[in-house]
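Student: Here it is, the structure in full.
Values quoted throughout were computed directly from the atomic coordinates according to the rules given, and no laboratory measurement underlies them. None of the values given here were measured: they were computed from a predicted structure. FYI the Cβ positions are ideal-geometry reconstructions off the backbone, even for glycines, and counts take in every protein chain you see.
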Amino acid sequence: MTRPKSPNMQNYRPQLTSVLSVGHRLSGVALAIGAFAFTVWLACGAFAPRAFDTLQTAALSLPGQVVLFLVTLALFYHLCNGIRHLIWDSVRALELRSIYAGGWGVVGASLLLTIAFWVWGLA
């Protein structure tokens, strides 16, 4: 008789805390890639005008704008979740109810800040 593997993924339901933890790691990776792309963009602006024009065209296209929006969302999510972790480091808001409230607050604040930034930037 074979024993089930642990954790049994058929019975596992992701919790808000685990989803936010994975999201924090993914947003960190997205920010690292975005920082590298930003560095390339700056270097092209300084040394390769033709390449810079190509990158500008890509960034201003609809897929480029979607990528920039997602990088902006990753930035604000990582920032807000980092602040949440600083609060935890001060041994505050560690009760289960506060953890979930803070998690939803991170999601809401990230979306609100991202949308506000883009509305301000496009105005």
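Student: In nm², what is the average projected area of the convex hull enclosing the Cα atoms of segment 1-72?
Tutor: 7.8 nm²
Student: Can you tell me which of PHE38, PHE76, PHE47 moves the most in a GNM of the chain? Springs connect C-alpha atoms under 10 Å apart.
Tutor: Judging by the Gaussian network model, the answer is PHE47.
Student: Can you tell me the 0 to 90 degree angle between the C-alpha axis of helix 96-122 and the longest principal axis of the chain, rounded to 10?
Tutor: Helix 96-122 sits at roughly 10 degrees to that axis.
Student: Nearest 10 degrees is fine. How inclined is helix 49-60 to the longest principal axis of the chain, computing both from alpha carbons?
Tutor: For 49-60 against the chain, the angle is about 50 degrees.
Student: Follow-up. What list of whole percents do you get for P(r) of the chain, with Cα-Cα distances grouped in 10 Å bins up to the one holding the largest distance?
Tutor: 11, 30, 27, 18, 10, 3, 0
Student: What do you get for the angle between helix 62-89 and the principal long axis of the chain? Use alpha-carbon atoms, 0 to 90 degrees, nearest ten.
Tutor: With both axes taken from Cα atoms, the answer is about 40 degrees.
Student: Order the peptides 98-107, 114-123, 63-72 from the highest to the lowest mean number of other Cβ atoms within 10 Å of their residues.
Tutor: 98-107, 63-72, 114-123
Student: What dipole magnitude, in Debye to the nearest 20, does the chain give about its Cα centre under +1 on Lys/Arg Cβ and -1 on Asp/Glu Cβ?
Tutor: It works out to roughly 480 debye.
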